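The values are calculated or read from the model by the stated rules, or taken from the named source; none is laboratory data. Computed from a predicted model, the values in this text were never measured in an experiment. With ideal geometry, Cβ positions are generated from the backbone for all residues, glycine too; neighbour counts draw on all protein chains shown.
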Amino acid sequence: MAINFKVIERGQPGVVGGGEKKYYASNMISGNADIEELTEGIEKISTVSGADIRAVLYALTDVIPTMLADGKSVKLGEVGNFRVSINSEGKETAEEVNANCIKKSKIIFTPGKKLKGMLDHLKYHKL
C-alpha cells in the first residue's frame, strides 16, 4: 500500500497576487474507514464478536467527549492521547482573566509510538 499524492501549485502566503509560485506534493485521501470497517478488521485479528466490537467503539464515541469535558486527558494505549486545549485573550493582570477570556477550544490528538512509527515506513505514489 502507498499514500497517493498529486502535485499542486501554491503561491507565497501573504503576498498579493501569490508572489513566486512553487509546486508541492499534496496527499490524496483514498476513502474513509468507518466503524463497520474497523469492526471487520478487529474481528479478523481477535476472538471478539463484531457486535461486541461495535458496542465498544460506539461507547467510546460517548465516553471520550464526557471525559474530555471533565478536564481529563484520554489515553488510548498505543493509539495515542486526546486532550482539550484552550486559547484566550491576554489581560494585564491575573485578576482580569476569567472564563469570558477564553475564545476557543479544540481537541488535540497526540499519536502513540506505534502510529508515529508507521510514518517512518510509508511509501508514496505520484498520481
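Here are the numbers for this structure:
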| quantity | calculated |
| --- | --- |
| Residue that is surrounded by the fewest Cβ atoms within 10 Å (Cβ to Cβ) [pool: residues in segment 14-34 that are among the hydrophobic types (A, V, I, L, M, F, W, C) and under 29 Å from residue 127 (Cβ atoms)] | 29 |
| Test: residue 63 is without any contact (Cβ under 8 Å) to a residue 40 or more places away in the chain, over 22 Å from the mean Cα position of the chain (by Cα) and within 30 Å of residue 108 (Cβ to Cβ) | no |
| Conditions (1) on the phi < 0 side of the Ramachandran plot; (2) at pLDDT 95 or above; number of the one not met by residue 71 | (1) |
| Out of 73, 105, 46, 88, sole residue that is touching a Phe, Trp or Tyr at 6+ places or on another chain (Cβ under 8 Å) and over 30 Å from residue 127 (Cα atoms) | 73 |
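Here's the yes/no breakdown for (1) among the aromatic types (Phe, Trp, Tyr); (2) free of Cβ contacts under 8 Å to residues at least 12 places away in the same chain:
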{"site": "1", "(1), (2)": "no, no"}
{"site": "8", "(1), (2)": "no, no"}
{"site": "14", "(1), (2)": "no, yes"}
{"site": "19", "(1), (2)": "no, yes"}
{"site": "25", "(1), (2)": "no, no"}
{"site": "28", "(1), (2)": "no, no"}
{"site": "33", "(1), (2)": "no, yes"}
{"site": "49", "(1), (2)": "no, yes"}
{"site": "58", "(1), (2)": "yes, no"}
